[in-house]
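Let me begin by presenting the structure, written as C-alpha cells, before commenting on it.
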Amino acid sequence: RTIHYFKDSNKKFRIAHETQEIYAPLAQRLGIKEWQDELEDCSFSVINPDARNSIIERLNYLNKKDETIIDDIKMSLEKLLKKEGLELDIQGRIKNPYSIWLKIKRNNISFEQLSDIMAFRIIVNSSRTCNQVLGIIHKNFSMIPGRFKDFISTPRLNGYRSIHTTVLGPKNKKIEI
C-alpha cells in the first residue's frame, strides 16, 4: 500500500516484483484471496502501469455500457436455482485487472477477444449441492469446452474446494461460475 511513496524507481520495481513472486502466491496458498488480489494489483500498477490503466479504462467503458450486468446475471442465476428449490448465496464481480492481464498474456489474445471478465461464486454447504448446482447450470447454459476444473475431487494444496466452469450465461455473456 505504501509502494507509491518510494522515490527510487528501481526499488519500487524490485519490491513490486518480489511481492508478485512471493507474497501474493503466499496469500493465495493461505486462502486469503482479498490480500492476494490487492498485492497483485499494487504490484501490477508499478510493473506495468500502462497495461493496468488500459484494462481499467476498458472495464469502466464496459461498465458504463451496461451498469447493471452483474446484478442482472446474479438475479437470473438466483431465479433459476430458486426454481429448483435451492437457496444459495451468489456473489458476482468483474475480474481484477491483473488476472485479466495474465489471461491475455497466457492465451496471447487481445482484451476484445477475452470473453469471461465476469465471475460468479455460488456458495453451497456440501459437495452434493455443488454438483447439483453444476448440473442445473450446464442444463440451462452452454458450457464452454476446456473451461472446467474440479477442485472437489482434487482439492488445492491450501484446502480450496470448488468446481469452476465457464458458460454462455444469461444475456448471452460468457461468465465463469
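When you count, for each residue, the other Cβ atoms within 10 Å and take the mean per peptide, how do 18-25, 78-85 rank with the highest first?
The densest-packed peptide leads the list: 18-25, 78-85.
Which of the residue pairs 65/139; 82/174; 79/105; 82/139; 103/171 have a Cα-Cα distance greater than 25 Å in the structure shown?
Result: 65/139; 79/105 exceed 25 Å.
Where does the chain land at 222 nm, in deg cm²/dmol rounded to the nearest 500, when only DSSP H runs of n ≥ 4 count, each adding -39500 (n - 2.57), divided by all residues? Walk me through the numbers on the way to the answer.
Working: 7 runs with 88 residues, N = 177.
It comes out at -15500 deg cm²/dmol, rounded to the nearest 500.
Compute the accessible area per residue over the chain, keeping the other protein chains in place, probe 1.4 Å, unit Å².
Per residue, the chain has 64 Å² of solvent-accessible surface.
Rounded, prolate or oblate for segment 25-66? Axes are the square roots of the Cα gyration tensor eigenvalues, ordered a ≥ b ≥ c, and the cut-off for rounded is a/c under 1.5.
It is oblate, given that a/c is not under 1.5 and a/b is not larger than b/c.
Shape of segment 1-127 from its Cα gyration tensor (a ≥ b ≥ c, root eigenvalues): rounded if a/c is under 1.5, otherwise prolate when a/b > b/c, or oblate? Intermediate values should be presented prior to the final figure.
Numbers: a/c = 2.63, a/b = 1.68, b/c = 1.57.
Note, shape of segment 1-127 comes out prolate.
Would you work out what percent of the accessible area of the chain, with all protein chains in place, is carbon or sulfur (probe 1.4 Å)?
50
Roughly what would the spin-label model give for residue 113 and residue 76, points 7 Å off Cα along C-beta, in nm?
Here the modelled spin labels are 2.5 nm apart.
Give me the extension gain from residue 156 to residue 64: residue separation times 0.36 nm, minus the current Cα-Cα distance, reported in nm with one decimal.
Stretched out fully, the residue 156 to residue 64 stretch lengthens by 29.5 nm.
Would you mind counting up the charge near residue 42? Only other residues with Cβ under 11 Å from its Cβ, with Lys and Arg at +1 and Asp and Glu at -1.
So the environment of residue 42 carries a net charge of -1.
The values are calculated or read from the model by the stated rules, or taken from the named source; none is laboratory data. Since the model is a prediction, treat every value here as computed from it, not as a measurement. Positions of Cβ are generated from backbone atoms using ideal geometry, with glycine treated the same way; all protein chains shown enter the neighbour counts. Accessible surface is based on the protein model in full, side chains and every heavy atom, while ligands, DNA and RNA are left aside. Shrake-Rupley method; radii C 1.70, N 1.55, O 1.52, S 1.80 Å.
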